[in-house]
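Student: Got a structure for you, questions after.
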Amino acid sequence: MRKISPYGVETLPEVLVDAPAAPAGCRGALVERARLHWRRTDGGDPAALAQEFLAAHGLPLHDLARPTPTGHRTDTGLCGAALYLSAAAGAYLTGGPQGNAEPAPTLPDLAVVVYHHRPSTTPVSGPPAGWWLGDWAESWTPAQHAHAVDAVRAAIGRGDVYQTNLVGHAAARYTGDPIPALRRLGALPGARYGGVLTGDGWAIGCASPETLIEAHDGQLITRPIKGTRPATPAGRAELLASAKERAEHIMIVDLERNDLARVARTGTVVVDDLFAVRRWCDLWQAESTVRAHAADGLGLADLLRATCPGGSVTGAPKHAALTQIAALEPVGRGASMGALGWIAPGRVDLGLTIRTAAADGEKLHTWAGGGITWDSDAHAEVAEAAAKTAPIRATLAGRRPPPPIR
C-alpha cells in the first residue's frame, strides 16, 4: 500500500518502470524507491523542494559547475530519478500568469521519482486487448485558433510582444490500459526523451525530441526547436528558405541565450549549429544548440528557475508572452510544454514536453501549437499544429502515423 507523508512524499512498493530519458541499459530494470508530488495549491517553491528531495535520497545537485562521478551508486543501489515539472509550475516559478483550468487535474505540477537499479527480464507489453480510443474533441475550433493567432499579431503590432507560442488541446475517451499506448510514443523516430511516467490516476507519455536543459561536467546545453515542415524534399527546402521561420527561430535562440546567461559564467554562452534542420517522424524541424559553462555554485533549483518554462514554447519577452498565453488559450497546458527527464549522479537531462500525451482515469489528452510572429498566417498555423499532433494521435490509437503531405 502507498504511504503518503504530510509533506506529499510518497513511498511506493517495488514496481518496474520505463522512465523518460533513462539510460538504455536501465530500461525495464528500474525499481521505484521514493516519490515526491507537488501541486500549485501546496504553496512553496517546487524547484527548491525538488533539489532538497533529491539530495535527501542520494542525488545532491547543489553545485552543477563541479564535475561529479557518474554512474550507479553501487553502495546504495541508486540509479537516478525522473523529474517532471508542468508548464504551469514553470510559470509559477517566474511569478507570471499560469493559464486556465487544467483539463487533466489529476496530474501533479511536480513529480520526482527516485529509482534503484535491478536486472529484470520483464517485457514491455504490446497493444492491450480491448484497447479503444474515441474521437478527439478539440478545446477550440480552427476558427477560434485562427482568431487567437490574429490577436497575437495585433499584440506584436502594438509592441507588447515579439513572439508568442499558442497551444491547443484535445481529449478523447478510452477504455483499456493506456500505458502501452503511451509507451508507443517513446518508440517514435527522434524521441530523444521517450518514455512513460505514472502516478496514482495519471500517466504521461513523451516522444519529445527537444532538450530543455542538459547539465554535466560543468556544461549547460539547451537545444531549442522552432520551425516545422513536412518531411519531404520540398518541405526541407521551404523550411531552409523561410525568412519567417528563421526570424522566429533566432528570436527564441536569443531568449535561450539570455536564460542560460543568468546561470552561466560570464562570457561563456555560445551558439552551435544555428538553424540545423533535423527530422522527427514525418516532419522537418529547425534546431540550434546553445552552450555555456555553469556558474560556480549553480544548483538544480536555480537552473529550473532560469529555464522553465522553456522559451521555445512561451515566446519573447517571456513574461509578456505568458500573459498572452493565459488570456488566449482555452485550457491549461497540462503535461505539455513543461520539463520531463532524467537526473543521475553528475547529470541533469530534461526534455521539453512537446509531442507529449497524458492519461487520467477517463481520457487521453494531447496538446500542439506553434510560435506566432508578425509574418504568421493564421490558417497555416492551424495546419501546422494539426501536422504536429497527427503522429501522436495515430500512435496512441495503434495506427501507423500518416505520411507527410506532399
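The values are calculated or read from the model by the stated rules, or taken from the named source; none is laboratory data. It should be emphasised that the depicted structure is a prediction, and the values quoted were computed from it without experimental measurement. As a convention, Cβ positions derive from the backbone with ideal geometry for all residues, glycine included, and neighbour counts pool all protein chains shown. Quick note on the areas: whole protein, heavy atoms, side chains included, nothing else; ligands and nucleic acids left out. Shrake-Rupley method; radii C 1.70, N 1.55, O 1.52, S 1.80 Å.
Student: Spot the failing condition for Asp349; the list is (1) crowded, with 20+ Cβ neighbours inside 10 Å; (2) closer than 28 Å to Tyr174 by Cβ; (3) not aromatic (Phe, Trp, Tyr), and only one is missed.
Tutor: If we test Asp349 against (1) crowded, with 20+ Cβ neighbours inside 10 Å; (2) closer than 28 Å to Tyr174 by Cβ; (3) not aromatic (Phe, Trp, Tyr), just (2) comes out false.
Student: What's the number of the condition Leu303 fails, among (1) more than 22 Å from Ala344 (Cα to Cα); (2) touching a strand residue (DSSP E or B) at 6+ places or on another chain (Cβ under 8 Å); (3) crowded, with 22+ Cβ neighbours inside 10 Å?
Tutor: (1)
Student: Okay, next question. Taking only pairs six or more apart or across chains, which ones have beta-carbon atoms under 8 Å, a first residue in the stretch 32-47 that is farther than 25 Å from His116 by Cα, and a second residue that is assigned to a helix (DSSP H, G or I) and open to solvent by 20 Å² or more (accessible area, probe 1.4 Å)?
Tutor: Within 8 Å, the pairs are Arg40/Tyr92; Asp45/Leu93.
Student: Based on what the data block shows, is Gly370 open to solvent by less than 10 Å² (accessible area, probe 1.4 Å) and farther than 21 Å from Ala81 by Cβ?
Tutor: yes
Student: When you go through Ala380, Ala390, Ala359 one by one, which is the residue that is modelled with pLDDT of 95 or more, open to solvent by less than 60 Å² (accessible area, probe 1.4 Å), over 27 Å from Ile221 (Cβ atoms) and of a type in the set (Gly, Ala, Ser)?
Tutor: Ala359
Student: Which count do you get for residues in the stretch 50-71 that are open to solvent by less than 60 Å² (accessible area, probe 1.4 Å), of a type in the set (A, V, I, L, M) and in a helix (DSSP H, G or I)?
Tutor: Number of matching residues: 3.
Student: Can I ask one more? Output the residues belonging to the stretch 200-211 that are under 22 Å from Leu304 (Cα atoms) and not in a loop (DSSP other than H, G, I, E, B).
Tutor: Ile204, Gly205, Cys206, Ala207, Ser208, Thr211
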